[in-house]
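Quick notes on the structure that follows.
The values are calculated or read from the model by the stated rules, or taken from the named source; none is laboratory data. In this text, all values refer to a predicted model and were calculated from it rather than measured experimentally. Positions of Cβ are backbone-derived with ideal geometry, glycine not excepted, and every protein chain shown enters the neighbour counts. What goes into the accessible areas is simple: the full protein's heavy atoms, side chains included, and nothing from ligands, DNA or RNA. Shrake-Rupley method; radii C 1.70, N 1.55, O 1.52, S 1.80 Å.
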Amino acid sequence: MEDSKFWKMFFGSGSVTVFNALRAFVVNKLLAVFLPPAAFACVGQFLNFMTVGEATSSLAMQNGWVSLTAKYKNDHEKLLGVWRGGFRITTFATIITCMVAVIFCFVAPLSTFFPGINTRLVQAAILFALPGMLATNVISISAAVMNGLGQMRLWATINVVSSLWQMIWVAFFLFTGRLSVLSIVATQSILAGIFAAQISARAGFCFKEIRKTFLDTRSPWVSYALMGLVPMILTPVALTFIRSLIGSSMGWDAAGIWQGITKISDFFASIYSAILGVILLPKVSASLSKTEFKKVFNPLFLRLVLFSGVLIALLFVCRDFVVAAFLSGAYAGAADYMGFQLLGDFFRSAGWCFGFVLIARQETKAFLGIEVGAQLLFTIATYIGIHLFEFQGPMMAYAFENFITLVALVIVVRRLKWNIQ
């Protein structure tokens, strides 16, 4: 890819992604200002539960919606069959998720997960989260399909306007106090989901259009579901365990500080992963030869890692300002612990480049093996790190886990078989 074309795509997709990240920043900042660290940690717990629900209801197939739409966009009949298969699988998964969530709402020990918050408020938030979860899936799937179709203006419109709606929603209800904090977080995507569905319908992605075919292609979705579902469940489960471990051993204020540090990481990660999804994912497939793959991948990798390194260095130099901007004065101590976290972010961004190659090629076993191993390593390393290095332990474990994961991904990608050498 020529430099001018790459940077045009990079900054085009990046500008939209930055707007999405701005939404995360604004919401995070509002919560940090309105809540003490302990309550902020509880919101993090709730968001992790929502992430699990979004993963199981959508089967985390967003990368599949991009890749399969891009693959069949020139064959309308096959495309509709793929969409129909994905739609029906997602519908079944959503129904099952909602049933489990309702049961969980009334039988789980919610006071353990959300100390200091009235159980009735938590139950109400979980029920409110069901339509919110559905709306979030509509947004992500609609945007992914627009990406696959090459409808980048519609993709940008969905992302920008949806982010704007969510910021307004959270700000309005926090300032007015008409909903509990958890219920505000749970429902922030509802209006944005309705908007995303209307926009994607303009490009033919709607139930009315999908019904026109009798094809129901489900088999290609299995690998994408596994590769998306496993990390989307394992990650919040691991984070919930680690947050609870920090809370029980060092206090929930410490857990809130750690939550703030991870939120800054998530802000960076959301920008980087979204850009990779636009630039790298549609361009890599098993049909490439080894030479073609290197020609496509190597220049992209070098440019993306260069950008990542510069951004990480700037964040480290300006870490005091970053903490003040993202959080509040109550979290000022977080700046002292960001070094290892940012180092881990650099390794993570490089690893994602290789991870997207495995996703695009549907190398399910290799991807899942590395992902499961990474989450187990992170959890175990954090447990050991807390006992050896106290509060610095989780950040050191994060850097160590991402470095090992990067090495494993490089080895696996180098050993992939291609059609032609």
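Structure data summary
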{"read-out": "Test for D320: is it surrounded by fewer than 16 Cβ atoms within 10 Å (Cβ to Cβ), at pLDDT 85 or above, assigned to a helix (DSSP H, G or I) and charged (D, E, K, R)", "value": "yes"}
{"read-out": "Residue count for segment 135-162, restricted to those that are open to solvent by 50 Å² or more (accessible area, probe 1.4 Å), part of a helix (DSSP H, G or I) and under 16 Å from W65 (Cβ atoms)", "value": "1"}
{"read-out": "Matching residues in segment 247-305 - criterion: being among the acidic types (D, E) and at pLDDT 80 or above", "value": "D253"}
{"read-out": "Selection status of M227, at pLDDT below 85, open to solvent by less than 20 Å² (accessible area, probe 1.4 Å), part of a helix (DSSP H, G or I) and closer than 23 Å to K71 by Cβ", "value": "yes"}
{"read-out": "N74, sole failed condition from (1) within 30 Å of V122 (Cα to Cα); (2) over 19 Å from the mean Cα position of the chain (by Cα)", "value": "(1)"}
{"read-out": "Boolean, G53 is touching a Phe, Trp or Tyr at 6+ places or on another chain (Cβ under 6 Å) and either surrounded by fewer than 21 Cβ atoms within 10 Å (Cβ to Cβ) or in a helix (DSSP H, G or I) (or both)", "value": "no"}
{"read-out": "Qualifying residue in segment 180-189 (condition: of a type in the set (S, T, Y), under 20 Å from C42 (Cα atoms), open to solvent by less than 40 Å² (accessible area, probe 1.4 Å) and modelled with pLDDT under 85)", "value": "yes"}
{"read-out": "Filter result (free of Cβ contacts under 8 Å to residues at least 24 places away in the same chain and in contact with an Asp or Glu (Cβ under 7 Å, 6 or more places away or on another chain)) within segment 297-340", "value": "A335"}
{"read-out": "Which numbered condition L130 fails, given (1) surrounded by fewer than 16 Cβ atoms within 10 Å (Cβ to Cβ); (2) more than 21 Å from A38 (Cα to Cα); (3) touching a helix residue (DSSP H, G or I) at 6+ places or on another chain (Cβ under 9 Å)", "value": "(1)"}
{"read-out": "Candidate set: segment 395-409, residues that are open to solvent by 20 Å² or more (accessible area, probe 1.4 Å) and touching a Phe, Trp or Tyr at 6+ places or on another chain (Cβ under 6 Å); chosen: the one nearest to L302 (Cα to Cα)", "value": "L406"}
{"read-out": "First in segment 359-383 and under 16 Å from T240 (Cβ atoms), second anywhere and open to solvent by 30 Å² or more (accessible area, probe 1.4 Å), Cβ under 6 Å, 6 or more apart", "value": "Q375/L234"}
{"read-out": "Filter pass, L68 being open to solvent by less than 10 Å² (accessible area, probe 1.4 Å) and modelled with pLDDT of 80 or more", "value": "yes"}
{"read-out": "Flag if L239 is in contact (Cβ under 8 Å) with a residue 24 or more places away in the chain and surrounded by fewer than 21 Cβ atoms within 10 Å (Cβ to Cβ)", "value": "no"}
{"read-out": "Some residue of segment 143-158 being at positive phi and touching a residue at least 24 places away in the same chain (Cβ under 8 Å)", "value": "yes"}
{"read-out": "Top-ranked residue in segment 163-214 [being touching a Phe, Trp or Tyr at 6+ places or on another chain (Cβ under 9 Å), in a helix (DSSP H, G or I) and of a type in the set (S, T, N, Q); ranked as nearest to L22 (Cα to Cα)]", "value": "S163"}
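The rows are residues; the columns are (1) open to solvent by less than 10 Å² (accessible area, probe 1.4 Å); (2) over 30 Å from L35 (Cβ atoms); (3) among the polar types (S, T, N, Q).
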| position | (1), (2), (3) |
| --- | --- |
| W165 | no, no, no |
| L191 | no, no, no |
| S200 | yes, yes, yes |
| P220 | no, yes, no |
